[in-house]
Amino acid sequence: QVQLVESGGGLVQTGGSLRLSCAASGIIFRVKTMAWFRQAPGKERELVATIGAGGFTKNVDSVRGRFTISRDNAKSTVYLQMNNLKPEDTAVYYCNTLPPDMNVWGTGTLVTVSS
């Protein structure tokens with residue numbers, strides 16, 4: 001049974017930083033491309049960053065230079081370091097494989113950035 005458990009969210013001021021974690025189980029983590037997604041209030045879920053099995057990373061334009069995705073295969077965990085946070089980064093953040101397994105979304109972790 002696949003499980004994804006996100007953590008690390010919270011309330012932060014504009015310009016602050018947070019580090020999100022996502023622990024995966026039930027998958028062969030080391031061979032999977034992993035991704036972070038986010039869903040802001042009233043908006044659709046969107047892709048934020050991806051990391052391939054070999055460590056190659058990609059970010060969407062809105063977070064490039066501010067967010068860094070990384071992974072620890074020994075811990076089956078993917079991270080998202082978020083710096084210089086902006087109010088528009090406020091959202092619930094989720095991790096999943098890429099392409100996402102639509103049956104396996106976790107509960108996410110809420111990030112709120114105050115202005």
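The values are calculated or read from the model by the stated rules, or taken from the named source; none is laboratory data. Remember, it's a predicted structure, so these values are computed and weren't measured experimentally. Cβ placement follows ideal geometry from the backbone for every residue including glycine, while neighbour counts extend to all protein chains displayed. Ligands, DNA and RNA are stripped out before the accessible areas are found, and what is left, the full protein with its side chains, is counted by its heavy atoms. Shrake-Rupley method; radii C 1.70, N 1.55, O 1.52, S 1.80 Å.
Details
- Meets criteria (open to solvent by less than 30 Å² (accessible area, probe 1.4 Å) and in contact with a Phe, Trp or Tyr (Cβ under 8 Å, 6 or more places away or on another chain)) for Phe29: no
- Search result, residues across the range 32-55 that are open to solvent by 20 Å² or more (accessible area, probe 1.4 Å) and either on the phi > 0 side of the Ramachandran plot or assigned to a loop (DSSP other than H, G, I, E, B) (or both): Lys32, Thr33, Ala40, Pro41, Gly42, Lys43, Glu44, Arg45, Ala53, Gly54, Gly55
- Yes/no for Phe67 being crowded, with 18+ Cβ neighbours inside 10 Å and in contact (Cβ under 8 Å) with a residue 40 or more places away in the chain: no
- Residues of the range 1-18 classified as part of a loop (DSSP other than H, G, I, E, B) and farther than 27 Å from Met102 by Cβ, total: 4
- Long-range neighbours under 7 Å by Cβ, at least six apart or interchain, first residue touching a residue at least 12 places away in the same chain (Cβ under 8 Å) and surrounded by 15 or more Cβ atoms within 10 Å (Cβ to Cβ) within the range 75-97, second among the aromatic types (Phe, Trp, Tyr) and in a helix (DSSP H, G or I): Ser76/Phe29
- Applying the criterion of at least 1 residues that are more than 13 Å from the chain's Cα centre (by Cα) to the strands (runs of 3 or more DSSP E) found wholly in the range 61-115 leaves 67-72, 109-114.
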